[in-house]
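Take a look at the structure set out below.
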Amino acid sequence: MSTITFAKPELFYLLLGLIPMIVWYVLRQKKSKASIQISTLESLKKVPLTWKHSLRHVAFVLQLAVLALIITCLARPQSSDSWQNQTVEGIDIVIALDMSSSMLARDFQPDRLGAAKSVAIEFISGRLFDLIGLLVFSAESFTQCPLTTDRAVLINLFQNLHPDCLKTVPPSVLV
């Protein structure tokens, strides 16, 4: 069972600001009356109130609800089931990937580079607690991604690799 706590519960005091708004609205409604000049009110006494008369306050109620929700969001609700410390062990892995034109050979499907990328992505997905980095090389080498635990970034980098990516790197960046 999750419990909801608030990071800034003191902001709920802002809800007290809704009370003057409600008082102002009620007083304004009492003072505002439609006026019409007619000789007698007898015919108007028989006119029933319509649904529009009942719904005229809905806009104000919605405004109050939106303000209350904004205040609740500002209080930053947080839920938690339980906390527990967990010790995990991992190793540091740097994947060196050849980006030379020989990786475009078609002896694997679709080519050597595509096969290497798919195997590397599968490998990265299975290593949950390891730091993994990426080094690419052809005539020169450079670090494409330093050691990280962010699997999504690393997989995205692998998917976007192509042999021409080393040609666009300025020589000062190459290691």
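The values are calculated or read from the model by the stated rules, or taken from the named source; none is laboratory data. It should be emphasised that the depicted structure is a prediction, and the values quoted were computed from it without experimental measurement. We place every Cβ from the backbone using ideal geometry, glycine too, and count neighbours over all the protein chains shown.
Might you check whether a residue that is part of a loop (DSSP other than H, G, I, E, B), on the phi < 0 side of the Ramachandran plot and within 25 Å of the chain's Cα centre (by Cα) occurs anywhere in region 128-146? Scanning region 128-146 turns up at least one residue that is part of a loop (DSSP other than H, G, I, E, B), on the phi < 0 side of the Ramachandran plot and within 25 Å of the chain's Cα centre (by Cα). Identify, please: which residue in region 98-126 is acidic (D, E) and in a loop (DSSP other than H, G, I, E, B) and is, among those, nearest to F137 (Cα to Cα)? Checking each candidate, the answer is D111. Might you let me know whether region 44-53 holds any residue that is in the same structural domain as M21 (by TED's automatic domain parsing), assigned to a helix (DSSP H, G or I) and of a type in the set (V, I, T)? So far as region 44-53 goes, no, none of its residues is in the same structural domain as M21 (by TED's automatic domain parsing), assigned to a helix (DSSP H, G or I) and of a type in the set (V, I, T).
Flag set for S118, criterion: surrounded by 10 or more Cβ atoms within 10 Å (Cβ to Cβ) and closer than 30 Å to D130 by Cβ. Against the criterion of being among the basic types (K, R) and either modelled with pLDDT of 85 or more or within 30 Å of R28 (Cα to Cα) (or both), R106 does not qualify.
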